[in-house]
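The values are calculated or read from the model by the stated rules, or taken from the named source; none is laboratory data. Because the structure is predicted, anything quoted here is derived from the model rather than measured. Ideal geometry is used to build each Cβ from the backbone, glycine not excepted, and the neighbour counts take in all protein chains shown. Please note that ligands, DNA and RNA were not included when accessible areas were found on the heavy atoms of the full protein model with its side chains. Shrake-Rupley method; radii C 1.70, N 1.55, O 1.52, S 1.80 Å.
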Amino acid sequence: ILDEKGAIAGASKIARDISEKFAVQQEKERLHAEVKLLSEKKDEFIAMTTHELKTPLTSLSGFLQILKTYTTADDRNIKLVDRSIKQVDKLSTLINDLLEFSKMQVGKLQFRFETFDLVALLNDAIEPYRELESHHLVVHANAPLLIHADPLRIEQVIVNLITNAIKYSPEGGTVEININERDGNVFVAGKDDGMGICPHLLDSLFSQFYRAVEPQYNIPGLGMGLYITKQIVERHNGTIKVKSEKGKGSTFEFTLPKSVTESI
């Protein structure tokens with residue numbers, strides 16, 4: 001404090017006790033570290049468990065396939081065998097989703113890039129679904145269409161979108177797949193005639209463990225497929241979006257650059 005001549009006449013200070021604030025901050029940091037540790041242990045547990053489950057499940061699937069070869073078409077037990085195989089396939093899908101999710105959480109999801117024909121890949125991926133009596137698959141594409149990406153992961157995206165289109169169209173119908181190229185990007189869209197999704201649910205659709213399905217529909221799943229799909233597309237510097245209307249089907253479209261930097 002200065003007097004009228006500019007000389008120092010005194011001093012003034014303000015002191016605040018921040019002990020409580022500091023203690024709260026320390027507690028937040030401790031809780032954050034604890035939650036992070038628990039999350040890492042959870043991811044390790046999921047990875048270990050899913051890996052251990054895959055071995056007996058693979059054996060079970062093999063045994064059922066062998067059993068089917070020894071069961072004649074007119075045997076009444078053939079339906080039980082077929083149902084068992086379908087349930088094993090469903091369980092295998094759930095385990096694979098958990099395994100992919102755990103790899104993604106710990107940053108161990110591997111990508112291997114190469115140049116391939118996207119149209120040929122799509123046709124190979126959907127071949128098992130062409131024989132379905134309940135759904136009719138239609139592909140609109142001009143082959144070949146070369147891109148540089150991870151073929152295994154892109155096939156995973158395509159299969160997930162197609163199986164979703166089929167699952168969420170319990171009454172059957174047509175599933176259309178369109179592939180086109182524009183301005184150095186590739187656009188892949190899958191359209192179904194299924195139950196559709198309410199507009200207010202679309203923003204949460206790609207979240208972890210989220211399922212936009214009503215309880216009366218007995219559709220299996222853990223709500224991780226679209227989350228994994230989005231992560232794969234974004235790791236390719238691409239985007240994915242959805243258009244849907246309740247009762248009028250859905251259209252999922254993802255966009256990829258024709259050439260992706262391998263450093264991602």
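Some notes on this structure:
- DSSP beta bridge pairing in the chain, given as percent antiparallel to the nearest 5: 80 percent
- Rounded, prolate or oblate (a/c below 1.5 giving rounded, otherwise prolate when a/b exceeds b/c) for the range 106-168 by Cα gyration tensor: oblate
- Protein accessible area in the range 138-204, 1.4 Å probe - carbon and sulfur %: 52 percent
- Candidates 146, 64, 134 compared by Cα position along the dipole of the range 58-146: farthest toward the positive end lies 64, with charges placed on Cβ.
- Computed per residue of the chain from DSSP H runs no shorter than four, each worth -39500 (n - 2.57), the mean residue ellipticity at 222 nm is -15500 deg cm²/dmol.
- Ranking 111, 238, 55 by Cα position along the charge dipole of the chain, where only Lys, Arg, Asp and Glu carry charges on their C-beta atoms, puts 55 farthest toward the positive end.
- GNM flexibility winner over the chain from 230, 68, 54 (Cα, springs under 10 Å): 68
- Taking Cα centre as origin and charging only the Cβ of basic (Lys, Arg, +1) and acidic (Asp, Glu, -1) residues, the dipole magnitude of the chain rounds to 500 debye.
- Estimated FRET transfer efficiency (residue 19, residue 248; beta-carbon r; R0 51 Å; 0.05): 0.25
- Shape of the range 35-154, Cα gyration tensor, a/c cut at 1.5: oblate
- At an R0 of 41 angstrom, the distance between the Cβ atoms of residue 138 and residue 90 translates into a FRET efficiency of 0.95.
- Dipole of the chain, positive direction: furthest Cα of 207, 252, 161, with charges on the beta-carbon: 207
- Probing with 1.4 Å while keeping every protein chain in the model, the per residue accessible area of the range 1-108 equals 83 Å².
- Listed candidates (1) 20.8, 69; (2) 18.6, 68; (3) 26.7, 114 - label of the one calculated as Rg and Dmax of the Cα atoms in Å: (3)
- For the range 14-147, a simple Cβ point-charge model (Lys and Arg +1, Asp and Glu -1, everything else neutral) yields a dipole of about 320 debye relative to the Cα centre.
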